[in-house]
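Read the structure below first, then the notes.
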Amino acid sequence: MTTAEEHKSSGIRKDLIVYVCLLALAGLQFVIAYQNIDASQMFTRMLAVAIVEAGLAELFFMHLWSEKRAFLLFVVIFTVAVLLGMQYGWTDSFRMVTGAPFSK
Amino acid sequence: MSQADLTMEGHSTGLTVGPAFSIPTKKLAMWLFIIADTMTFAACLVAYGFLRNGTPNWPRPFHSITNVALMTFILLTSSLTMLIGLRSARSGDKAGAFRWIMITAVLGIVFALLHIREWLELIDEGMTMFKNPWGTGLFGASFFSVTGLHLTHVTCGVIALIAVGVRYKGGRYNADDIEVLGLYWHFVDLVWMFVVPLVYLLNLTH
């Protein structure tokens, strides 16, 4: 086996491991869906699993891990900051359910 | 430094500096597109979550997870085949790379067909963008918007896979182009990981 082929097969082995992990995590989301818990708990757990899945896919499938650390930080910090910025409206969403305080 | 690299004040224009983060320009452009597209999907999913949380009679129309589980499996597997295609391209196996890219495209087509079949079943049950038999009409609007946006991305991805694959085989594109395309395809897969729990699994009938 040549060096290029060895490198290719070891790379595919790593990809397969990440793929199996992603399948297992996706399966875990389906298990959580059938747990007897309330919707907010279910949402939190599923979101946590989805974030881990996304992290694995970005780092290994999209090879972000092998890029320069500065670029990794750029992508992560920029994305997370904007995603957090989108969370400003939730209090209004809860107000729609409870009708408080503006409807009183 | 040539005269063209100097401004009128005699400073460097920066044209001789290497690419940002030492990443090839095409790859950086794709990453910037992915970051921008992440915001689009995030905005859609946050809006969906806002409506779902704030609407008391939110429908839970999904009885079975079989179809969505199969779609998830197919999309995840297509990411793996894309990676194998890229590794084949990197090792100079042109025929192998082309074969794996086409397998990825076929998996993308199967995913899209399963998605359309699911849409048609929901439409048969009386669901439209504005009304459904189970509760608030907002469900149809948000469901079709989020899944439709994702399906559009998958469709564009399949077209790109076929176009880039054929051009790679013809020698016009190289392994770097396959890598750039792979980034897009993995991103489509990554988004699905959030769509499934939020849009499908939280709306299962228990």
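Annotations
- Residues B:H153, B:H206 arranged by fewest to most Cβ contacts within 10 Å: B:H206, B:H153
- Separation between Cα centres of segment B:174-206 and segment A:45-64, rounded to whole Å: 10
- Label-zone membership for segment B:17-58, site B:D176, 7 angstrom Cα→C-beta point, backbone N under 15 Å: B:18-31
- For segment B:68-172, the set of trypsin sites (Lys or Arg not before Pro) satisfying both a DSSP loop assignment and a count of at most 12 other C-beta atoms within 10 Å is given as B:R172.
- Centroid-to-centroid, using Cα positions, segment B:92-123 and segment B:71-85 are 9 Å apart.
- GluC sites (Glu not before Pro) restricted to segment B:99-206 and DSSP loop, no more than 15 other C-beta within 10 Å: B:E125
- Segment A:M96-A:D38, extension gain: residue separation times 0.36 nm, minus the distance between their alpha carbons: 18.9 nm
- A helix-only calculation puts the protein assembly as shown at -24500 deg cm²/dmol for mean residue ellipticity at 222 nm, using -39500 (n - 2.57) for each DSSP H run of at least four residues, averaged over all residues.
No value in this document is a laboratory result; all are computed from the given coordinates. Since the model is a prediction, treat every value here as computed from it, not as a measurement. Virtual Cβ from ideal backbone geometry, glycine too; neighbours counted across all protein chains shown.
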